[in-house]
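The values are calculated or read from the model by the stated rules, or taken from the named source; none is laboratory data. What you see is a predicted model, and the numbers here were worked out from it, not measured in a lab. All Cβ positions, even for glycine, are placed from backbone atoms using ideal geometry, and neighbour counts span all protein chains on display. For the accessible areas, the whole protein counts, side chains as well, though only heavy atoms, and no ligand, DNA or RNA atoms are used. Shrake-Rupley method; radii C 1.70, N 1.55, O 1.52, S 1.80 Å.
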Amino acid sequence: DHITANHHSTMRRVLLAASTAIATAFTGLHTDVRRTFNRHVIQMVDNAGTDETRRQFVGSAGVIAVSGWVAPAIEPALAAKSNAWSRVDTGVDQTLFDIAFDTADKSHGFAAGSKGTFLESKNGGVTWSPRSFLNLDPEDEINYRFERVEFKDGEAWILGKPAILLHTQDAGKSWERVPLSPKLPGEPNSIVALGPGRAEMTTSTGAIYSTENSGRNWKALVKETIDATLNRVSSSGVSGASYFTGTINSIVRDDSGSYLAVSSRGNFYLTWSPGDDFWVPHNRGTPRRIQSMGFIDGNAKNGLWMSLNGGLLQSTGPGVDLSVDQPEFKPISINTGGYGIIDLGWNDVNKEVWAVGGGGTMFVSRDGGKNFKFDNSADNIPGNLYKVFFDKTGAGFVLGSDGV
């Protein structure tokens, strides 16, 4: 009852030290229990001052004192232990950024990462083998950072930095390098396969291009870059938009062709729908900066989700109008202990939503994304998790640093 701002940090340090000592006392459970308990304590202390928080902490402490066993104290707030995930030996220690399986052959997939990392699986992702591109110098290939991979009906696209676009029409047996104009505004940052020879590509300045002939010709779908739009409409009322000279990241496309992008500083976001001439900027509606955004279950009609610095997560309801300046976001119940959420993935087969992020954290929701509980599957894996992906069969993959 007497935790105040003056000694908040001191209490936090004392409680974390106590939790470490408690966890250390249980042989074989040190890492698991300490990390879980620390997250629990951090969340409670950060929210200190509410009656509910005090009740949670007193109740947890009471269970520990009576039973001498840590797990029951953790379970009510965080635990959702799952045996559904297992570590895959990729054979590499570079960061993996993207993964895709052929829509025509679910057993055939590609994974892309840093330092020229490109992997292939022909057994549904159970094992992976390194691949090289015959039209690239092996000594130069390591300098590329492959960030996006798309695989549809035997046709695949690979996008990377420095700006490079690779394309195959025979499921990866041979690859061609698609020329990119040096006058391209910004750096390419996403590619979506739409069918034989058809694709859409975006850049870091908000340009959107479509091709109907395997990248030989591209058509611009937006009339001007994002900075041009924002600086032209300086009275837009969007915080941080006027005189914008930055770039965008965390760009995603939904099933209908709508796009959602976050400014590189995380101070506002933008939307674009097919047929629009320009991007529509939106205030973030919160003092915390945006870390990542996406469409709920891959469709704008289902609403938007937004993660904020400090591990907060929120979403809109279904039927959001992307042309409205400020859709209403509401908080989602998730206790991350301050770890940021980087991606969300929907497993439609098991009716689950999974969240991944910093510090190897994983959370699962089994009520449609209203409430998330901690999952300990990645507790022994260091580093960040960047992407969670499920196919139509319910098979799932999480990608992260150190070849995870």
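Considering segment 213-249, the residues that are of a type in the set (Gly, Ala, Ser) and modelled with pLDDT under 65 include one that is least open to solvent (accessible area, probe 1.4 Å), namely ALA241.
So that you can scan it fast, the table gives a plain yes or no per residue for (1) assigned to a loop (DSSP other than H, G, I, E, B); (2) exposed (fewer than 14 other Cβ atoms within 10 Å of the Cβ):
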position: PRO287; (1), (2): yes, yes
position: MET293; (1), (2): no, no
position: SER307; (1), (2): no, no
position: LEU313; (1), (2): no, no
position: GLY319; (1), (2): yes, yes
position: PRO327; (1), (2): yes, no
position: GLY338; (1), (2): yes, no
position: GLY345; (1), (2): no, no
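I need the full set of residues from segment 365-404 which are of a type in the set (Asp, Glu) and in a loop (DSSP other than H, G, I, E, B), in order please. Within segment 365-404, ASP367, ASP379, ASP391, ASP402 qualify.
Yes/no matrix, rows are residues, columns are (1) within 21 Å of SER264 (Cα to Cα); (2) of a type in the set (D, E, K, R); (3) in contact with a Gly (Cβ under 6 Å, 6 or more places away or on another chain):
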| position | (1), (2), (3) |
| --- | --- |
| LEU313 | yes, no, no |
| ASP343 | yes, yes, no |
| VAL349 | no, no, yes |
| ALA378 | no, no, yes |
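Take the residues in segment 144-198 that are of a type in the set (Phe, Trp, Tyr) and in a strand (DSSP E or B), then tell me which one is nearest to TRP218 (Cα to Cα). Applying the filter and picking the extreme gives TRP157.
Within segment 99-148, the set of residues being of a type in the set (Gly, Ala, Ser) and on the phi > 0 side of the Ramachandran plot comprises GLY116, GLY124, GLY125. When each of LEU304, LEU270 is tested for being of a type outside the set (D, E, K, R) and in contact (Cβ under 8 Å) with a residue 60 or more places away in the chain, the lone residue that passes is LEU270. The set of residues in segment 339-356 being closer than 17 Å to GLY310 by Cβ, at pLDDT 95 or above and small (Gly, Ala, Ser) consists of ALA355 alone.
Only one of ASP402, ASP367 is touching an Asp or Glu at 6+ places or on another chain (Cβ under 6 Å), surrounded by fewer than 16 Cβ atoms within 10 Å (Cβ to Cβ) and over 25 Å from ARG288 (Cα atoms). Can you tell me which?
The unique qualifying residue is ASP402.
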